[in-house]
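Novice: Have a look at this one before I ask anything.
The values are calculated or read from the model by the stated rules, or taken from the named source; none is laboratory data. Quick caveat, the model's predicted, so the values are computed rather than measured. Positions of Cβ are backbone-derived with ideal geometry, glycine not excepted, and every protein chain shown enters the neighbour counts.
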Amino acid sequence: MNIRMTGLVLASSLAATAGALAGGIDVFKTGFEAPAYQPGLLDGQDSWTVWTSYGQPEAVTVQSKAPHKDAQSVLIDPTVLELQDYVSCSRVIDYTVAPGGVVQVEWDQYQTWANDLTGKVGVTAYAGNGAFISSLYVFGWFTDEVAFTMLVDPIPTGYSATRGEWHHFRMDLDYGARKSTFYCDDQYLAGPHLWRHTTDDKIGTISVIADWTGSDLSIIDNISIMVPGPCAADFDGNGSLDIFDFLGFQNAFVALDPLADFNGDGVFDLFDFLGFVNAFNAGC
């Protein structure tokens with residue numbers, strides 16, 4: 001086969017953008033489904049707890065009113081928050097991150113955005129020592145669109161999405177640089193922004209937080225926390241994807257090294273190159 005040509009094909013993939021961790025390991029994952037979750041208060045189910053000084057447990061419930069996938073999701077109802085317009089429902093994770101590691105926190109969120117909405121709702125991550133890391137909130141201010149902002153400085157602008165639709169949110173927490181980057185529907189929002197507090201090397205707690213008044217409903221589903229797993233495209237095993245992985249794979253292919261039989265079919269051919277390119281583009 002034409003090694004030079006396939007090398008050019010491989011090199012063209014270096015422009016791939018960062019995405020969700022391919023082959024990552026789930027530290028925590030839930031779709032709020034039975035039998036672990038039953039309809040009713042989220043408080044007390046699967047170690048979720050409403051902070052006693054931060055809101056009424058009745059505002060956060062497991063329900064089937066408008067699930068994103070399968071049968072159940074979590075409904076946050078501000079009409080319950082008549083005496084106190086803030087609620088935080090948290091779950092301890094207590095996972096030690098590898099030195100310099102990255103953690104991805106993801107979830108799906110749906111808003112009806114009634115015209116009397118004023119406030120925010122989203123997910124917050126805390127370190128093991130309780131220090132705040134980052135939040136990604138959805139804000140609504142009497143408009144027909146959802147405006148996103150982060151509790152980091154500076155506040156980004158210019159990104160919006162239509163109300164009444166599901167959106168996928170992600171926070172990439174870089175424990176090496178102590179910075180966070182934010183995405184919606186795999187589109188870049190902001191960052192990397194430096195963490196403002198002294199943290200340890202743990203993802204300690206995640207919280208579903210709402211702070212608003214009005215009649216708007218917010219639904220959250222499919223929360224996951226993921227760390228990198230073994231990465232086949234990291235050919236030189238240095239923990240990053242770069243041109244040296246391409247060169248290492250190409251050299252191994254020329255030498256008929258079994259490591260270059262990427263699809264494991266016993267034959268060295270174009271499909272091994274394509275498999276490597278796809279794995280590289282998917283990221284680690």
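Novice: Tell me, please, whether a residue that is outside any strand (DSSP E or B), at pLDDT below 80 and buried (at least 17 other Cβ atoms within 10 Å of the Cβ) can be found in region 42-55.
Specialist: yes
Novice: Filter region 212-231 down to the residues that are crowded, with 18+ Cβ neighbours inside 10 Å and more than 23 Å from ILE93 (Cα to Cα), then identify the one that is modelled with the lowest pLDDT.
Specialist: GLY214
This table checks each residue for (1) in contact (Cβ under 8 Å) with a residue 12 or more places away in the chain; (2) touching a strand residue (DSSP E or B) at 6+ places or on another chain (Cβ under 9 Å).
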site	(1), (2)
ASP201	yes, yes
SER224	yes, yes
VAL227	yes, yes
ASP236	yes, no
ASN278	no, no
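Novice: Next question, about the same structure. For SER73, indicate whether it is surrounded by 13 or more Cβ atoms within 10 Å (Cβ to Cβ) and at pLDDT below 60.
Specialist: When the stated conditions are applied, SER73 does not pass them.
Table: residues versus (1) in contact with a strand residue (DSSP E or B) (Cβ under 6 Å, 6 or more places away or on another chain); (2) at pLDDT below 85; (3) closer than 12 Å to VAL103 by Cα.
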position	(1), (2), (3)
VAL152	yes, yes, no
THR157	no, yes, no
GLU165	no, yes, no
PHE169	yes, no, no
TYR175	no, no, yes
CYS184	yes, yes, no
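Novice: Pick from region 77-134 the residues that are of a type in the set (A, V, I, L, M) and surrounded by fewer than 16 Cβ atoms within 10 Å (Cβ to Cβ): which of them is modelled with the highest pLDDT?
Specialist: So the residue we want is VAL92.
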